[in-house]
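The values are calculated or read from the model by the stated rules, or taken from the named source; none is laboratory data. Values in this document were obtained by computation on a predicted structure and should not be read as measured data. Here the Cβ is made from the backbone with ideal geometry for all residues, glycine too, and neighbour counts use every protein chain on show. SASA here: full protein model, heavy atoms, side chains in, ligands and nucleic acids out. Shrake-Rupley method; radii C 1.70, N 1.55, O 1.52, S 1.80 Å.
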Amino acid sequence: MPKKGKKFKAALTDEEQLLLFQQKMLAEEEATKKKERLIAQFLKDKLAKEEHNSNLNLNKINTQWRTVLREVKNTELHKDLEILSQTFERVVDCKDNVIKSLAKDLTEAEEQYAHALRSHLHNLDQLLTLQRRRLSLLEENYNMELEALTNEFEKERKTIIDQHDKEIRYLQDVFMAMEQNYMDSEYESKLEFQSMWDDLKNKNLEEKHFLRLKLENIVEDLWRKFQDALKNYTDATEDRKVAFETLKVKDEKSSKEIEMQMKKIQKLQEAIVILKGKITAHSRESEWQNQGIRSDRELVHVQLRKLKAQKMQARSLSQENLVKLTLESNATLKALKKVVEKGEKVLKLAEICRKFETEEEKVLPFYSSILTPKEQEELEKQNPEELTEELAKLMLDYSGMENFWKRYNKVKLEVLSLQHRRAQLLDMSAKLREMLKQYLDGISVSDEVLSQLNPLFIVNHKSNLPALPPQRGRKGPNIYNVIEAAHIWRPESPPPAPCLPAPCADRKGPLSKSPGGSPV
């Protein structure tokens with residue numbers, strides 16, 4: 001038999017040996033693949049079982065935890081209701097006090113309004129009396145000035161009328177004197193003419209008587225001739241005689257009219273001379289008055305220019321003041337709007353913050369100082385400040401803000417403590433997440449887990465961790481078997497008390513107080 005086997009092995013060719021080797025390799029690969037499939041299926045089944053058990057445990061824990069939380073929440077709600085009832089009663093009492101104080105303020109305001117109205121009416125009456133007195137004084141001044149002006153006007157009128165009457169009388173006297181002189185001269189001339197006429201008449205009578213005798217004969221002759229000539233002349237000049245008589249009558253009339261006109265002209269010339277003298281006197285007076293009026297006018301113009309300049313300056317100043325006032329008013333309005341908006345924001349934030357107030361804050365909104373008297377004395381010694389009048393006034397002005405700053409400082413300290421607590425909780429949550437991630441990476445099977453170093457992943461009694469070389473003179477670390485708590489669960493034992501969330505822990509656990517005395 002061995003000889004036959006040796007002969008058979010010797011009889012195999014190289015190709016056959018290659019084929020046998022390939023078949024062995026394929027069989028080994030299939031065996032390894034089957035093993036890997038079985039291992040993967042086993043791990044998947046194990047993971048599914050673990051997930052199912054963890055889900056069951058979580059559901060049971062959540063149900064029991066919910067009952068515990070409901071009981072805790074019920075007790076807390078009862079306490080909150082009691083506190084809210086107390087705060088509501090306190091708020092109602094405060095509101096009643098506020099209503100009473102407002103009613104008192106309203107009555108005081110009504111009394112003040114009535115007092116102000118009475119004082120206003122009294123002031124109005126006083127102003128009316130003052131105005132009436134002022135009007136009466138102005139009316140008396142007006143009447144006095146009017147009477148003075150009327151008296152001056154009457155005096156001037158009387159003086160002008162008297163002067164006019166005097167001038168008329170003077171002119172009448174002059175006219176009468178002129179007429180008297182003219183009548184005297186006329187009478188004298190008439191007397192002279194009458195005497196001369198009488199002399200001439202006597203002479204003519206003597207000559208006539210002397211010549212009458214001589215000339216009677218001549219006259220008779222001449223009379224005859226004259227009669228003849230007269231007849232001829234009368235016949236020839238009868239029309240001319242009639243015209244001459246008419247012209248003579250007209251000449252007498254015109255001479256009388258000329259005399260009358262000459263008299264009138266003389267009177268008018270005299271009146272013109274008098275009026276020219278008056279005009280010259282009046283022109284001199286008017287020039288003097290005009291010069292005074294011009295000087296007064298120039299003074300008035302200078303004063304008017306000064307007043308205009310002052311008015312323009314006052315107007316420019318008033319415009320500048322108005323511009324400044326408008327700018328300042330706009331700035332103040334904007335600042336006040338910002339203050340109002342800030343106040344509204346503060347009130348809204350206060351309303352929002354009231355919801356998050358604790359029981360102690362609702363009962364005691366303002367805390368007293370946590371410093372002992374010795375500590376306060378030490379602080380005063382460390383920061384000695386002398387009180388001055390200005391600092392005392394400022395402290396009085398801001399004394400109403402003490403409670404606000406107390407609450408503000410308290411909230412600020414609570415915010416700082418909460419930030420510190422948040423940082424601690426964030427660190428704890430990060431550590432817990434890392435531990436949870438390590439645990440899940442140790443349980444789950446994925447490409448990432450298989451690619452990374454995992455001490456729990458063992459195949460054929462071998463892990464994927466690299467073997468550490470042994471070190472001389474040093475002992476290796478002690479190796480312990482660790483079993484996860486999630487894999488072990490006893491239904492008869494109660495579930496472990498879970499870690500409360502941050503708000504519940506703050507309410508039920510020991511209160512960590514901030515420097516302001518409020519729980520954090």
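Summing charges over all other residues whose Cβ lies under 13 Å from the Cβ of residue 353, with Lys and Arg as +1 and Asp and Glu as -1, gives +4. Taken as Cα centroids, segment 316-343 and segment 150-219 sit 102 Å apart, rounded to the nearest whole angstrom. Extension gain for residue 81-residue 261 works out to 51.3 nm (0.36 nm per residue, less the C-alpha to C-alpha distance). The simple spin-label model puts a point 7 Å past each Cα toward its Cβ; for residue 247 and residue 108 those points are separated by 12.7 nm. A crude spin-label estimate for the pair residue 144 and residue 403, with each label 7 Å from Cα along the Cβ direction, gives 6.7 nm.
Given R0 = 56 Å, the distance between the Cβ atoms of residue 218 and residue 176 translates into a calculated FRET efficiency of 0.50.
Among residues other than residue 159 with Cβ under 13 Å from its Cβ, the summed charge is -2 (Lys and Arg +1, Asp and Glu -1).
Accessible area of segment 32-143 with a 1.4 Å probe: how many percent of it is carbon plus sulfur? Roughly 60 percent, rounded to a whole number.
Calculate the FRET efficiency for residue 49 and residue 431 from the Cβ-Cβ distance with a Förster distance of 30 Å, rounded to the nearest 0.05. The calculated FRET efficiency here is 0.55.
Other residues whose C-beta falls under 12 angstrom from the C-beta of residue 64 contribute a net charge of +2, scoring Lys and Arg +1 and Asp and Glu -1. For the cross-link pairs 190/241; 166/278; 362/410; 208/241, the ones whose C-alpha atoms lie over 19 Å apart are 190/241; 208/241. Solvent-accessible area per residue in segment 105-261 equals 96 Å², computed with a 1.4 angstrom probe and all protein chains kept. Taking each residue as 0.36 nm, the span from residue 26 to residue 187 lengthens on full extension beyond its C-alpha to C-alpha distance by 38.2 nm. Pull out a ≥ b ≥ c, the square roots of the eigenvalues of the alpha-carbon gyration tensor of segment 171-233, then state rounded if a/c is under 1.5, prolate if not and a/b is larger than b/c, and oblate in the remaining case. It comes out oblate by the Cα gyration axes. Modelled spin-label separation between residue 341 and residue 201, with each label point placed 7 Å from Cα along the Cα-to-Cβ direction: 13.7 nm. Below 20 Å, Cα to Cα, which aspartates and glutamates can residue 35 reach? Residues fewer than 8 away in the same chain don't count. Reachable aspartates and glutamates: 45, 447.
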